[in-house]
1. Could you list, in sequence order, all residues of segment 65-105 that are among the β-branched types (Val, Ile, Thr) and in contact with an Asp or Glu (Cβ under 7 Å, 6 or more places away or on another chain)?
2. Might you check whether a residue that is modelled with pLDDT under 90, loosely packed, with under 13 Cβ neighbours inside 10 Å, touching a strand residue (DSSP E or B) at 6+ places or on another chain (Cβ under 8 Å) and not aliphatic (A, V, I, L, M) occurs anywhere in segment 95-111?
3. Between residues in segment 79-91 that are in contact (Cβ under 8 Å) with a residue 40 or more places away in the chain and residues that are of a type in the set (Asp, Glu), which pairs lie under 7 Å by C-beta distance while being six or more apart or on different chains?
4. What about residue 82, is it at pLDDT 90 or above and surrounded by 11 or more Cβ atoms within 10 Å (Cβ to Cβ)?
Amino acid sequence: MNGNYQNSFPQGNNGNYYVSPGTQPPFTNFPNQNNSQNDPYQYAYNILNNNPNQIADFYMSYPDSIEWRDRIFSGRIVHATREYTLLKNEQTGEWYVLPSIYLNFVVFNEELNMY
């Protein structure tokens with residue numbers, strides 16, 4: 001990141017910053033809009049939250065990193081929120097906090113609980 005992004009967003013009438021829905025990070029609030037209805041992170045959160053203790057592979061992309069461009073993290077889902085997922089790799093003993101904004105997709109190794 002170039003560090004100049006703070007002044008590049010247009011300001012709404014109430015002084016809050018907002019960006020177009022196509023570039024919306026998971027923590028941005030738009031004026032007069034309920035984020036829970038159209039939030040793509042909410043769908044992923046619901047699936048992850050309904051499947052604790054599942055073993056899964058998380059495919060992540062870090063566009064600002066040369067060394068860590070694309071990574072796969074494997075392990076058991078310990079906790080999930082809209083902002084991140086806590087994953088434990090039981091083979092290595094490593095713990096991962098994976099920010100949702102970098103998540104591409106998840107492959108589950110077991111049957112999912114969809115409800």
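1. 72, the sole residue that qualifies.
2. Yes, because at least one residue in segment 95-111 is modelled with pLDDT under 90, loosely packed, with under 13 Cβ neighbours inside 10 Å, touching a strand residue (DSSP E or B) at 6+ places or on another chain (Cβ under 8 Å) and not aliphatic (A, V, I, L, M).
3. Nothing qualifies.
4. Details: at pLDDT 90 or above: no; surrounded by 11 or more Cβ atoms within 10 Å (Cβ to Cβ): yes.
No, not satisfied.
The values are calculated or read from the model by the stated rules, or taken from the named source; none is laboratory data. Note that the coordinates shown come from a computational prediction; the quantities given were computed from them, not determined experimentally. Glycine also receives a Cβ, built like all others from the backbone with ideal geometry; neighbour counts cover every protein chain displayed.
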